[in-house]
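These notes are about the structure you will find just below.
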Amino acid sequence: MANSLFEEKLYSGEFLVTTEVGPPKGADISEMVHHIDLLKDKVDAINITDHQSSVMRFPSLGGCLLVKERGGEPILQVTCRDRNRLALQADLLLAYSRGINNVLCLTGDSVDVGDHKEAKPVFDSDSVQLLKIIRTMESGTDIGGNELKGTPKFCIGASVHPEADFIEPQLIKFDKKVAAGAQFFQTQGIFDLRSLRRFMQYASQFDVKILAGIIVLASAGMARYMNNNVPGIIVPQATIDELASAEKDKRLQKGIEIAVGLIKTIKEENLCHGVHIMAVGNERIVPDILEAAQLAGVRH
Amino acid sequence: MIVAEQKSLAEIRQMITPYQRVLILGCGTCMTVCNAGGEREVSFLHNALRLAESRSGNGIHTFSEYTVKRQCDYEFLDSLVDKIGDVDAILSLGCGIGVQAIAERLPDLPVLPGVNTSFMGMAEEWGVWDERCAACGDCILAETGGICPITRCTKGILNGPCAGTKNGKCEANKDMDCAWILIYKRLERLGQLDKMRRYYPLRNFRTIPRPRRVASKASIDVGEGNG
Amino acid sequence: MHSPVSDAHNYRANRTEKYLDHSLMPPCQAACPLHMDVRGYVDLVAQGKIMEALQSIRSGNPFPSICAYVCTHPCEDACRRCQVDKPVAIRALKRFAVEFGGDRMVQAEAETTQQEKVAIVGSGPAGMACAYYLRKLGYPATIFEAHSEMGGMLRVGIPQYRLPRQVLDTEVQRLTQMGVEIRLSTKVVSLDLLFDLGYKAIFITIGAHQSLRMGIEGEESPGVIDGATFLREVNLGLKPSLGERVAVVGGGNVAIDAARTAVRLGTKRVNILYRRGRAEMPADPEEVEQALGEGIEILFLVIPTRIKRGNGRLSVTCVRMELGAPDASSRRRPVPIKDSEFNEEFDTLITAIGQAPQTPGGFDVRMGKGSTIQVDPTTLTTNRVGVFAGGDAVTGPATVTEALAAGRLAASRIDDYLQHRYPVAGKAEREKLVGDLLPETIEMIRKISRLEPPILLPEARVKDFEPVELVYDWETATNEARRCLRCGMGAEILFQDKCATCLTCLKVCPYHVPCLDASGTIQIPAEQCQACGICVAECPAKVIVLRKPYDRRSINEELDHILKSAAESKSKPFIVGFCCQYGLFGIGTLANLWRGAKAGVWIVPVLCVAKVEAEQILRAFEMGAEGVFIAGCGEQCSREDTAFWVRQRVEKVRKVLAQVGFETERLQTFFPSTTNEDLAPELDKFAEQIGRLYLASAIMQEVKS
């Protein structure tokens, strides 16, 4: 029996669509609620980011609870940056107890890129170890070897970076994540399908589901900024040039076009098992993208 | 080697405010090597403080200078005894260990740190020092090609690079090499990439309950005699 | 619990620095027969301290003006700059120091403190030097000279275009002033007579005036003359008639002198016949070059075998030679080529194939090889009690400097003898610098072309006997002197136990000289160090000093002195400038500033700004300077990276200035990119700026109070 709705879909053979919602900086959650309501029925699951780019925000767990409340399927993003092994396990217990059963295990960005640069970076574990922690908990004990009263069960995923400029060490890490129990992967932003094809040739030997990460760029300036400041993002010059070629008020439109093009090709060529759309602050446009990519329709 | 950086003149002046006669004390070992508190830095700081005094127009401080071979052993500090007769405070340009050794050796005299002890490392070139060891107490360099991920990876992670590495550099600092890329290249060169494929479990932080102590002497009961 | 205070564990950080001269004897000094402090005076010339340079030269050489003209400069052959480019022009620099330092004005004095009279037979350089030093030691000394004029070979052997007579006359004049008794035209034939006259010791220095014979047919013919006689006649004022075409046989300096003298007497065509090739010629290559420039032809690998006189001319049969196996002098022995004879017609043939002493039989001294007088080389004593000998008479023809050294040695040995002392060895010599520069060091040393003193054009010089070589001008001399590598003066680790082995010296040295030995100790090989002083000012433990450590001390002393004077002068605001003294003062760039020295600009002369330490800059500010600047040679510096290190220290000091509320512009560096760039206007601007800053801060003070 599947541990979650999303896990069920994962093995259904359907082309999956996930997206993500960034929580607010502050206690006003109305916009997040709006975004969740907008998207919950149009995608298979919604990620809630965990202090993305090390910028302090409303917590991922809180966001996931909201998704759950509004009737959506949440994926809890968990990074190792801010919590030691006690806090990580505790949060996972809470998540499970509230029906949040999908977890994306991430190492987390360096605090140096965020808005609290003087913070103590925790990194008590890394993403591979986090996957192991979850699998250990599922076996009935905490990682200290103490029996748990009530055993959680999760559908767990991780990230992978097919467009990394030095791919071999990334693939080693991918292997280790698979070995540690990752069931699905959301890739970092994909811009060049050649690298995705190469990666899928490699990844297809494993029994894991790959969701291609699609970043919706709003302008060439945003692309350049992300290249320089957001870890794990490499926007190729060709994409930047394409964005820059558009008229000023049509740049977001251009970004949407690019994203839609990528999604369509991925789906047509059946390159991987689904897409993960990252609109980075433009969550409102995700339905349009789905529409244009002919992925619209109630998914529950 | 321990690497430190001299505190700003402003901070040092702030610290010495309550003390009239200050002995600037250098350290002839690590602090000399890292240019933070050797004999030259002692006299430079001495000159700088005197200049600051003369500029402020109402200076009350007087300074003396001295450098010991090492501040981090009581024996070296014994020679201080006849230097501190008319001193109100010692401004130590030793590392944090030196400052504390002085505090322990001279219980009645205030001691002030003139440097910020930064890390253990080595000189990359003249005037540039890089951290190399975090003194984690559980060395895994044999597994990582002699390159320490705990120190040189900004996240100190054990199972390979994060996705933030770009051009072989770290996401936290584009001038800093990604330790895991270095480790991969070195293990590849050594034909030991299997070491990187291995899973490394959570670190055992129990090896460093602070403060730590290392004993290289065996515990032998005094009663056992010398036979 | 702790051990009691024990001296053994004490680490004395504030030991007073030992200002000892640990410098090693440089090769130039070691090569000089007089062991002159060449490095010392060249350095003084580089600083423009010409009078001090002359003083240094005079302390080691009784007749520097003579050496300035005729020294064969073995120092230059030994100069380690040969390995980099060309040797420092030491002799020409000495000439500059002698001429510009006012040697002519120097008065020689001596007082008689001893009873014993000493006779000196011969007035050549050895005799003159011996007389000079004997007078300095207080002995009455008498020179007996067979010729009508003083100077021996200096007078009768060396042509006037190489050594002007007034130079020699001045030195003779000084000897007279010192009380040396001179008996001219007095040939000594018996030493017993001198002892009978009351002389207690005799120094024989009769030179080597007898020309060697070629031993060929027709050598006695009229029109054949020996070189020594020819030169003597000309030098004593005769004008022998030589005819149109003259041959000189030989390849030494006498042959060249004779040929060039013949040219100056109006001979149309002068040939030198030499039995070996140019490379084997013992004559000074510069002289050979000049002779060729004056139109003298040298026929190499040619030897005359027969001379026939007829029709008032000489028909000389010559044979061509080729070089065979090396002989005893390790030069290849010339061998006649069969059937290569040819005839040439000459009006005069001058033989100059060597000279030997001619010692009167009445001296009754034991003779050695080549009719030289046999002496103990360390005491110069002959087989006769109280009789000493030296110079060419003992060595055969040699150099002026060697003769001067022999005269000096004789004086001190005669003193030992008369005082009934065992001859004591000269005071322990400093350790000699041995070893060549390594290729890696040479690669890093800046190449600087040697600057030659100007010489007269051939057309002008063949007309008369005026000196061929002119004197440097001030700027050329200081620039040439800056080429000195200051061998043996380099850095050393004075307090090895305080060295933290931090490797700073190893990293900052532009020449990569410091190294770690097998035991992990830093070594600074003396033979490689270029004495730039960068490591001295950078060493975090302050344990490195220069082997001749006057630099730091002089900066501190000058700074103290100037700060005191500036404070006393009460002219506000005052500015302190650390200015390189190499070249800059000499070439006049800063001389303008000196002259201008607007009220309140005080200059600390330094021997290269790389030696100015950050602490010294701070001190200038502390003692009230409103502005400080450092002016150095920049790209013109003879050492590497000096400006870079000055800028490093300046930045470090500026950080402090900013923190104590001083504008960082109060500290400036000035490095001209060319020698001609005039710094004075820039410095004026700086002074004005400091004036404004001072005024502003004074107003602020007023407002506050």
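Taken together, the values in this text are just the output of simple stated rules run on the coordinates, not laboratory data. Note that the coordinates shown come from a computational prediction; the quantities given were computed from them, not determined experimentally. Neighbour counts are summed over all protein chains in view; Cβ atoms, including those assigned to glycine, are modelled from backbone coordinates with ideal geometry.
Here, P(r) means the percent of Cα pairs in each 10 Å bin from 0 to the largest distance; for chain C it is 3, 13, 19, 20, 17, 13, 8, 4, 2, 0, 0, 0. Taking the three principal axes of the alpha carbon atoms in region C:102-215, the coordinate ranges are 49, 42, 18 Å, sorted in descending order.
In the protein assembly as shown, if the dipole is taken from +1 on Lys/Arg beta carbons and -1 on Asp/Glu beta carbons about the Cα centre, which of C:A620, C:Y199, C:G101 is farthest to the positive end? Highest projection toward the positive end goes to C:Y199.
Full extension of the chain segment joining C:L299 with C:Q210 gains 29.5 nm, where the gain is 0.36 nm per residue of separation less the Cα-Cα distance.
Within region A:213-227, which residues have the backbone N less than 19 Å from the label spot 7 Å out from A:E31 along Cα→beta-carbon, could you tell me? So the set is A:216-219, A:222-223, A:226. Take chain C and mark each of the GluC sites (Glu not before Pro) that is in a DSSP loop with at most 10 other Cβ atoms within 10 Å; the longest unmarked stretch, sites excluded, is C:221-705.
If one computes the Cα centroid of region C:625-682 and of region C:329-369, what distance in Å separates the two points? Centre-to-centre (Cα) distance: 64 Å. Measuring nothing but alpha carbons in region B:35-139 and taking Rh as the Kirkwood radius, the Rg to Rh ratio lands at 1.02. Candidates C:L418, C:G488, C:N311 compared by Cα position along the dipole of the protein assembly as shown: farthest toward the positive end lies C:L418, with charges placed on Cβ.
Taking R0 as 35 Å, what's the FRET efficiency between B:M122 and A:A119 from their Cβ-Cβ distance, rounded to 0.05? With a Förster radius of 35 Å, E is 0.80. Our analysis of chain A gives Rg over Rh at 0.94, with the two radii drawn from alpha carbon positions and Rh computed by the Kirkwood formula. For region C:449-519 and region C:31-108, what is the centre-to-centre distance using only Cα atoms, to the nearest Å? Here the two parts' Cα centres lie 14 Å apart.
Between A:Y202 and B:L141, the C-beta separation translates, for a Förster distance of 35 Å, into a calculated FRET efficiency of about 0.70. In percent, rounded to a whole number, the relative contact order of chain C is 14, using alpha-carbon pairs under 8 Å and six or more apart. 3J(HN,Hα) couplings calculated from phi for region C:35-52 with the Karplus curve 6.51 cos²θ - 1.76 cosθ + 1.60 (θ = phi - 60°) are, in sequence order, 6, 5, 7, 4, 4, x, 6, 5, 4, 5, 4, 4, 8, x, 8, 6, 5, 5 Hz; Gly and Pro show x. On the beta carbon distance between C:D464 and C:H561, with R0 = 60 Å, the FRET formula returns roughly 0.70. Loop-located trypsin sites (Lys or Arg not before Pro) across region C:17-57 with a Cβ neighbour count of 11 or fewer within 10 Å are C:K18, with loop assigned by DSSP.
Rounded to the nearest 20, the size of the Cβ-charge dipole of region A:122-220 about its Cα centre is 260 debye, with Lys and Arg at +1 and Asp and Glu at -1.
Straight-distance candidates among the lysines for linking to C:K200, with alpha-carbon spacing under 23 Å and chain neighbours fewer than 8 residues away dropped: C:K117, C:K136, C:K187.
So how do A:V33, C:V385 line up by other beta-carbon neighbours within 10 Å, fewest first? Neighbour counts put them in this order, fewest first: C:V385, A:V33. Classify region B:134-207 as rounded, prolate or oblate from the Cα gyration tensor: take a ≥ b ≥ c as the square roots of its eigenvalues, call it rounded if a/c is under 1.5, otherwise prolate when a/b beats b/c and oblate if not. Oblate shape, in that a/c is at least 1.5 and b/c is the bigger or equal ratio.
Full extension of the chain between C:L438 and C:S554 yields a length gain of 38.6 nm, computed as 0.36 nm times the residue separation minus the alpha carbon distance. Here is the list for region A:243-300: GluC sites (Glu not before Pro) lying in DSSP coil, each with at most 12 other C-beta atoms within 10 angstrom of its C-beta, are A:E247, A:E269. Straight-line reach from B:K83: taking Cα to Cα under 17 Å and skipping same-chain neighbours fewer than 8 places apart, the lysines in range are B:K69. Put the Cα centre of region A:22-91 next to the Cα centre of region A:156-178 and the gap is 24 Å.
In this Cβ point-charge picture (+1 for Lys and Arg, -1 for Asp and Glu), chain C has a dipole of about 460 debye about its Cα centre. Note: relative contact order over region A:152-244, using C-alpha pairs below 8 Å and six or more positions apart, is 28 percent. Taking a ≥ b ≥ c as the square roots of the eigenvalues of the Cα gyration tensor, an a/c ratio of 1.5 or more together with a/b no larger than b/c marks region C:210-356 as oblate. Could you pull out the chymotrypsin sites (Phe, Trp or Tyr not before Pro) across region C:131-217 that fall in loop regions by DSSP (anything but H, G, I, E, B) with no more than 16 other Cβ atoms inside 10 Å? Sparse-neighbourhood loop chymotrypsin sites (Phe, Trp or Tyr not before Pro): none present. Measuring nothing but how far apart in sequence close Cα pairs (under 8 Å, 6+ apart) lie, relative to its length, chain A scores a relative contact order of 19 percent. Length gained on full extension, A:T151 to A:D288, computed as 0.36 nm times the residue gap minus the Cα-Cα distance: 45.3 nm. Selection among A:N229, C:N343, A:G213 by position relative to the dipole of the protein assembly as shown gives C:N343 as farthest towards the positive end (Cβ unit charges, Cα centre). Look at the stretch A:225-235: the mean tally of other chain Cβ atoms within 10 Å of its residues' Cβ atoms is 2. For chain A, the longest principal axis of the Cα atoms and the long axis of helix A:251-268 meet at an angle of about 70 degrees. Just to confirm the number: angle between the C-alpha axis of helix C:253-264 and the first principal axis of chain C, 0 to 90 degrees, nearest 10? Helix C:253-264 and the main axis of chain C meet at about 80 degrees.
Cross-link partners for A:K254 among the lysines, with Cα-Cα distance under 27 Å and sequence neighbours closer than 8 places in the same chain left out: A:K40, A:K42, A:K264, A:K267, B:K166. About its Cα centre, the dipole of region A:14-159 is roughly 300 debye, where the only charges are +1 on Lys and Arg Cβ and -1 on Asp and Glu Cβ.
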